[in-house]
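Asks: Dropping the structure in here first, questions after.
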Amino acid sequence: MKKTLLTLAVTLFVYYSYAQTYLPLTAGSGSPLSGNLYLNASTGNFTAFQTAGSNTALLGNSAIIFGSGSSTNFNTYVYGNNPYNIWTNSAQRLTVDGSGNVGIGTTSPSTNLEVSSSSGATELRIATTSGTYNNPSLTFYSSYTSDKNWGFRTSVYTLGDFSLFQSASSGSSPFSGGADRFYIGSTGNVGIGTTSPSAKLEVYGGGIKVNGLSTSSTVLDLSAVDDAIIQGGTNTQIRMGGNLNLSAANVIPFSTNASERMRLQSSGGLSFGSSYVSTDPGANNIIISGNVGVGTTSPASVLDAEGSSTTEWVRIQSNASGSAGFLDLYSSATGGFDAGTVGLNTNGTTPIAFNIGGSETMRMVTGGNLLIGKTSQANTSYKLDINGNARANEIVVNTTGADFVFKKNYRLSKLEEIEVYVKKNHHLANIPTADAMNENGMAVGELNTKLLQKVEELTLYLIEQNKQLTNQQKSNQEQKKKLEQQETRIAALEKTLSKLAGNK
C-alpha cells in the first residue's frame, strides 16, 4: 500500500512538472513561469522558488531565485519598501531597509551600515586567521577624481603596530605606494611623519600648532612632573621645576650658572640682562640690558647689525594694512642736534645712498644736493638733479609772466620776418636751440615765460587775422549782393529779348 501511494505521488509530481510546468499549493490566481515552484497566497502576492528562466513575472513580489536566464546569480526580492530581515535563535539579527541601509543588532539603521548592541560593548572585527603579516586593513575609498583614498592597516612594520595610510594618487590603493601619515607602535609610541617614534609622541618634518582654544584652556601642563626636560639638541635642554601653566602674577625665569638672565613677565613682556630681569617692560614689550648683535658676536653699539654678503640687509617691515615700515631716529638729549631732530650721519664726504632691488636709485651728496637716477652731476649748482622724467600733481614755479606783449609800445614782428628767421636759424627767436637745451637744460620758469610770450604773440596775430577775415567777409557780402542784383537784371533782359524775338 505504501509503495502504491509513493508511486502515485511521484507520478503526480512528474506529471505536473512536465505537463503542467507548475504545482499550485494554495488557492488563488497567478502566472508563474515555466520551471517554477510557487506558493500563491490569497492576498494576491505569492512566494516562488525559481530554478531557471526569466524572472519578469516575479519582480515586485517575494521571491527566491537561483539564476536568471543563463546566469547563475542568487537573488532575493522583497516586495515594495519592506525590509529584508534575517533571524537566528528567535531574534532578528540583520536588517536591510527599503532605502538600502544595513543594520546589525538594530532594526532601524540610520546610515549605510550601523552596528549596535543592547548588551555589552559593540565590536566590529576585521581579522586574519593565519600568517604573521597578513595585515588586516580597512580602506575608505572615494570615486571623486580629486580625492585621495585613506586606509587603516595593522602589523605593517612590526607585530602589534597600527598605521593610517594615504594613497599616492586618486583612485589608487593607500597601501600600494601610499604614504604613512600616522603610526602607533607596538609599545604605544605615536609617530607623525615617522614610523620609529622614540617617545610617546614624536613629530618629524614639521611643527605642532595649537589654535582655537579659549582663554581658560591649558596648552601644556607639567604640574605633575618634578623635572620636565625639553631637549633641543645635543646636551641642550631647558629645565622647568614645577609647571608651565602660569596663573595670577607668575613669571617664567631663565637662569644660567645659578644667575637669572631672562624673565618672561606675567604681562607678556620680556626682560634681558641681570639688571633688567626684575623690571616689567609692559605687555608684549622687550627690554635689553647691554648691546645687541645681529650677525656679529661682538656688538660694539646698542644695536650692531652686520652682514657677510651684499644681499644681507636690515629690514623694517609693517604688516598692518595701509602702513609702511618706519625708521624713527629720535634724539631727546640737548646739544649737537636739537631735541627731536632726526640725524643721518656718514663718515666724511661719503654720500647717503638709497637702493631698491639691489640698485641705487637716489643719493644725497656733500652740500645737500639730491641726485635721482644718477650718482654724479656735471653742474653742482643744482640742488636737485634728476636723470629721467618727473611727475607731480602740481608744480609751482616763480616767474614774471609775459604781459609786456600786450603793451602798446611792444613791437610785434611781422610774419614775413618770422618766416625769414625760422628758415635761417631753424628755431624761434629768443628760444634756445635743441642742442643748447640738451646740453645745458632749461629753467622751467624762464622757459614758461618765453613760451607764454610766444602764445601771447600768436594771440595778437590771431586778433589781427580775425579783423582781416571780418572785413573780408563784409566785402564778400557786398559783392554777393551786387551779383544777385545783376543776375536779376540779366534775367529781366533775357525775358524781354525772348518776347521781342517772338513778335517777329
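Asks: Being over 32 Å from the mean Cα position of the chain (by Cα) and open to solvent by less than 80 Å² (accessible area, probe 1.4 Å), is that true of even one residue in the range 196-209?
Replies: Looking for residues that are over 32 Å from the mean Cα position of the chain (by Cα) and open to solvent by less than 80 Å² (accessible area, probe 1.4 Å), one finds at least one in the range 196-209, hence yes.
Asks: If a residue has to be under 27 Å from Gly188 (Cβ atoms) and open to solvent by 60 Å² or more (accessible area, probe 1.4 Å) to count, how many in the range 141-159 make the cut?
Replies: Matching residues across the range 141-159 total 4.
Asks: So which of Ala392, Ala353 is among the aliphatic types (A, V, I, L, M) and out of contact with any strand residue (DSSP E or B) (no Cβ under 9 Å at 6 or more places or on another chain)?
Replies: Ala392
Asks: Hey, another quick one. Give me the residue from the range 184-195 that is without any contact (Cβ under 8 Å) to a residue 24 or more places away in the chain and within 14 Å of Val156 (Cβ to Cβ) and, out of that set, most open to solvent (accessible area, probe 1.4 Å).
Replies: Ile184
Asks: In the range 80-113, how many are of a type outside the set (A, V, I, L, M, F, W, C), more than 45 Å from the chain's Cα centre (by Cα) and assigned to a strand (DSSP E or B)?
Replies: 6
Asks: Consider the range 429-453. How many of its residues are assigned to a loop (DSSP other than H, G, I, E, B) and over 24 Å from Leu415 (Cβ atoms)?
Replies: Total satisfying the criteria: 3.
Asks: Also, I was wondering about something else. Based on what the data block shows, is Ile386 open to solvent by 60 Å² or more (accessible area, probe 1.4 Å) and touching a residue at least 40 places away in the same chain (Cβ under 8 Å)?
Replies: Criteria not met by Ile386.
Asks: What number of residues in the range 358-379 are open to solvent by 50 Å² or more (accessible area, probe 1.4 Å) and under 14 Å from Gly441 (Cβ atoms)?
Replies: Summing the residues that are open to solvent by 50 Å² or more (accessible area, probe 1.4 Å) and under 14 Å from Gly441 (Cβ atoms) in the range 358-379 gives 3.
Asks: Starting from residues that are more than 18 Å from Val302 (Cα to Cα), open to solvent by less than 80 Å² (accessible area, probe 1.4 Å) and of a type in the set (Gly, Ala, Ser), keep the ones in the range 252-280 and report whichever is modelled with the highest pLDDT.
Replies: Gly269
Asks: Do any residues in the range 368-379 that are over 11 Å from Phe354 (Cβ atoms) have Cβ atoms under 8 Å from those of residues that are loosely packed, with under 12 Cβ neighbours inside 10 Å and charged (D, E, K, R), where the two are at least six apart or on different chains, and which pairs are they?
Replies: Gly368/Lys383; Asn369/Lys383
Asks: Restricting to the range 105-116, name every residue that is within 17 Å of Trp87 (Cβ to Cβ) and either small (Gly, Ala, Ser) or open to solvent by 70 Å² or more (accessible area, probe 1.4 Å) (or both).
Replies: Within the range 105-116, Gly105, Thr107, Ser108, Ser116 qualify.
Asks: Answer yes or no as to whether Ala492 is in contact with a Phe, Trp or Tyr (Cβ under 8 Å, 6 or more places away or on another chain) and free of Cβ contacts under 8 Å to residues at least 60 places away in the same chain.
Replies: Judged against the criteria, Ala492 is not a match.
Asks: Working only within the range 441-465, note down all residues that are open to solvent by 60 Å² or more (accessible area, probe 1.4 Å), more than 30 Å from Tyr382 (Cα to Cα) and of a type in the set (S, T, N, Q).
Replies: Of everything in the range 441-465, just one residue is open to solvent by 60 Å² or more (accessible area, probe 1.4 Å), more than 30 Å from Tyr382 (Cα to Cα) and of a type in the set (S, T, N, Q), namely Gln465.
Here's the yes/no breakdown for (1) under 30 Å from Asn440 (Cα atoms); (2) open to solvent by less than 90 Å² (accessible area, probe 1.4 Å); (3) modelled with pLDDT under 85:
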| site | (1), (2), (3) |
| --- | --- |
| Ser309 | no, yes, yes |
| Arg315 | no, no, yes |
| Tyr330 | no, no, yes |
| Asp338 | no, no, yes |
| Leu344 | no, no, yes |
| Ile356 | yes, no, yes |
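The values are calculated or read from the model by the stated rules, or taken from the named source; none is laboratory data. These figures come from a predicted structure and were not determined experimentally. As a convention, Cβ positions derive from the backbone with ideal geometry for all residues, glycine included, and neighbour counts pool all protein chains shown. Calculation scope for accessible area: heavy atoms of the full protein, side chains included, ligands and nucleic acids excluded. Shrake-Rupley method; radii C 1.70, N 1.55, O 1.52, S 1.80 Å.
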